[in-house]
Amino acid sequence: MAKEKVRIEDISKPVEQLVKLTLDDLMPLPPPYDKPGEEPELTEPSPDWRDRYVTDLDGYIAIDLPWKPKTKEEEEELVKKFLSGLQKLLDKENNWTFLQPLMLSIEYCARCQTCSDACPIYISSGRKEIYRPTYRAEVLRRIIKKYLSPGGKIKAKFTGDIELNAKTVIRLAEDAYRCTLCRRCTQTCPIGVDNGLISHEIRKLFSQEMGIAPKALHELGTVQHLQKGSSTGLTPEGFKDIIEFIEDDIEEKLGRRIKIPVDEKGAEILLIHNAGEYLSWPENPAAFAILFEEAGISWTLSSEQVAYDAVNYGVWYDDVQLARVATKHAEIAAKLEVEKIVVGECGHAHKAISVVADRVLADEYNIPRESCMPILWDIVRKKKINFDPEKNNFPVTLHDPCNMVRLMGVVEPQRKILHELAPQFREMTPNGVYNYCCGGGSGFAIMQSMNFPEWRNAVAARMKFKQILEAFQDCISPDINKYVCAPCSNCKGAIRDMLDYYNAPEKCSIYYGGLVELMVNAMVDLEEPFIEWEFH
Amino acid sequence: MIWLQALVYFSFTVFVLVVLAKVVKYATMPIHLRWELYPVPHEKGRAEHGGSYFEEADWWKKPRETTLIGELKDMLMEMLFIKRVFEYKRPLWWFTYPFHTGIYLILVWFALVFIGALFEIAGFPISTALVQQLGFLSWLPPLIYYLTWIVGVLAMALMLIFGLGLLFRRLADEGMRSYSSPIDYFNLLFIIAVVATGVAAWQYDSDFAVARSFMKSLITFSPLPSVSGATVLHVVLLSLLFLYLPFTKMTHFFGKYFTYHKVLWEDEPNLRGSEIESEIKKVLNYRISWSAPHMKPGMTWADEVLKVSPNEIGVWKKEEEK
Ligand code: SF4
Ligand code: SF4
């Protein structure tokens, strides 16, 4: 664990842990976090994790399965499985979904490293080699060249050597979960090589061939989603109870009762929310209900399993699971005879159903799908509801969810709304399609096992925390309440944990929430403020 | 020296065929899931802020507005100026840009030599003198003469100096060095050697007259003029480079076309009844052999999705717990 640079070949090194992070190495933060002692110390992995889980990369555990091989046989078996998975990744039928983009990225990287500095994780970590966008790509490339192409063993001497052993395999799997798939690196590549995609494909290899993936994504994620109805475990009955509770809550705030449409056949819109909203931030679906009802939109929610949870974690690690969930969403929309599916404030659900899974839906499942953002902007633009921006007269900044913005191109509507309704709105730098990930991307926001949250908060979310602090430097004092508008459930989860980790609500009065909450807060009809400035 | 011409024909043919084969290989890969990345420059009126048609409610009812100009502009900026390296890695740009300019110029030089050779075959000598038979175009041969000289010398200088510069940078830049393999150095050295022998050949052919005669002999399949040893060495090396190039990642000149046009800017929606939709139906019939517990190997993609009931979806278990 010396300070010397980790090389590509080192991934197979027979040491217990390849890299150790220290606070001193990490990127410095702006005031009031610019002094030592302002952030929590990093911890050591607990010793009994070491034999069962993979702590061999940087001591952190993303894949919370006890899958670490113990015997020589298990190690060999693992390497064998890995290679057979890799073969399938390069095969037309098994991986038609990403074969062309993958092959191009394997083949054409010039190793110019133009992409490195675009990566928030690489920079935040103090430029640790294992987090460099090209690191895992180069490892995979060398394995393919050496082990899966004719004469590879000899060629490897010239094109870059690597040893494929069990350490290589387990570290590569963990390293694929040190990248948020934000694809900021890809934007800067002169050749169009996509290192985010490489992480995605490595994850797929492990999941699709061996069933190895973080529990939050697979077992408790897509599998639970398909089996029980939601990755949160929420059942149809539970869902209906929450809707009633939300109706009560709205009545209290609005002064009159709204009937939230559920399972209404023939409505124009099937609105789908991340089920995490119902459980953690019910004010968000409540705000949607108020806005849609007041604006006279024809819409419905669904209480059917899978459809009351918009998430599709498959988009991060498994194409088959992605297709299963997306198809289920579409099937239920077809049954309800709606004109289109509209996705609420959830970035990856936006991208999954509108962009990535666009090409697994055909015929009756091919239902139009769109973002809620333009519809919300239309409400403001066409003055369908009376708003008084003065009600939002506090500092607001906007976080751009990667999935909705860089990866789907929904950039302007949310900004236009904030320009209209938030007099103290200020942008982060950089923003829009060049934004930084919240640190919770690609499933990190929901991966809460063992020490992974520490890594997420200290490293992955660090750049976003820095940006938030910078956006509010003129009003950083805890006397002024500040609002980070994050129109995405996973981003909200990551930002909640990050603010909490750095104790920012107390130190700086920084709060967070969605976009619709701000909209409802500005409604003339509402007597009491909708936003309660309460950290939850 | 017919073998030298044969080598040139051979290597050039192999170059073209292998590049074509690779293009065909990528062009015929199955349709993939959408994976675009914004800004997408053909989004009319939206590319500026990186937006897409998804910024519009009911986008699927409206005609899609795209602009070829926007796409061409971005492409040209990247091709002619290597914009992304300029923006994101300026120190490297100062080396790689002049080097690539040298490559472009040497291609222009080849074109000029080719045109010059055609003129000479037609009986109009290329020299500093005006060619009266060409009437009002009498100035063309001297123009070609001077242009060939300027472009050729400039190209050699750029490639030689900045080729060495790139070599030096690769060694000096930590990040680049640790990712470089022997082959990366070999590639650069190979190019530098070709240029260096070119410079040597030029010592015996200061106005590229021999180069033109050589080209003439290639066009007309006639015997070679007598050439210097340096020229022979240069032509041999250059031919070998052409043989070698298509097998390396230096073919990124066309790889780049696919990464941008077929992946990062490919945002064609799957509308009902569209061609995309029928392609999708085809690939959904491909068979899976993935063997994780939640897969049913041997099934088609469509069946994996529609026919596997949620309760059949297994998850990973430790051996002893199975
Ligand atoms: S991915 Fe692109 S930018 Fe990064 S090293 Fe490779 S060629 Fe350069
Ligand atoms: S996709 Fe994002 S997190 Fe992953 S390597 Fe690229 S910039 Fe870094």
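Short-range pairs are left out: with C-alpha atoms under 8 Å and at least six residues apart, the relative contact order of segment A:219-376 is 25 percent. Model label points for B:TRP139 and B:LYS282, set 7 angstrom from Cα along the Cα-to-Cβ axis, are 5.5 nm apart. With contributions of -39500 (n - 2.57) from each DSSP H run of at least four residues, the per-residue ellipticity at 222 nm computed over the protein assembly as shown stands at -14500 deg cm²/dmol.
DSSP assigns beta bridges within the protein assembly as shown; of those with both partners inside it, close to 15 percent run antiparallel.
Across the alpha-carbon atoms of chain B, the computed radius of gyration and Dmax are 26.9, 94 angstrom.
Using a 10 angstrom cutoff on alpha carbons, build the Gaussian network for chain B and name the most mobile of B:PHE221, B:PHE258, B:PHE242. Highest fluctuation among the options: B:PHE221.
Only residues of segment A:304-340 count here: report those whose backbone N is under 13 Å from the spot 7 Å along Cα→Cβ of A:ASP378, or say none. Only A:339-340 pass the distance filter. Taking every alpha-carbon pair under 8 Å whose residues sit at least 6 apart, segment A:386-521 reaches a relative contact order of 29 percent.
Translational diffusion coefficient of segment A:162-314 (Stokes-Einstein, Kirkwood radius from Cα pairs, 4 °C, 1.567 mPa s): 71 µm²/s. Taking the C-alpha atoms only, the angle from helix A:236-254 to the longest principal axis of chain A is near 50 degrees. Calculated FRET efficiency, B:ALA21 to A:LYS153, Cβ-Cβ distance, R0 = 30 Å: about 0.75 to the nearest 0.05.
Full extension of the chain between A:GLU74 and A:ARG52 yields a length gain of 6.6 nm, computed as 0.36 nm times the residue separation minus the alpha carbon distance. Just want to confirm a number: the relative contact order over chain A, from Cα pairs under 8 angstrom separated by 6+ residues, in percent. About 14 percent, as a whole number. For segment A:169-216 versus segment B:64-84, the inter-centroid distance based on Cα atoms is 28 Å.
Here the Gaussian network model covers chain B, with springs between Cα atoms less than 10 Å apart; of B:MET215, B:MET159, B:MET295, B:MET295 fluctuates the most. To the nearest ten degrees, helix B:229-244 and the longest principal axis of the Cα atoms of chain B are 10 degrees apart.
Counting only other chain Cβ atoms within 10 Å of each residue's Cβ, the peptide B:36-44 averages 5. Given 10 °C and 1.306 mPa s, compute D for the protein assembly as shown with the Stokes-Einstein relation, Rh being the Kirkwood radius over Cα pairs; round to the nearest whole µm²/s. It diffuses with D of about 54 µm²/s by this estimate. Of the residues B:PHE10, B:PHE54, the one with the fewest other Cβ atoms within 10 Å heads the list, and the complete ranking is B:PHE10, B:PHE54.
Coordinate-derived values only; no laboratory data. In this text the structure is predicted, and so the values were computed from the model without any measurement. Reconstructed Cβ throughout: ideal geometry from the backbone, glycine too, with neighbour counts over all protein chains shown.
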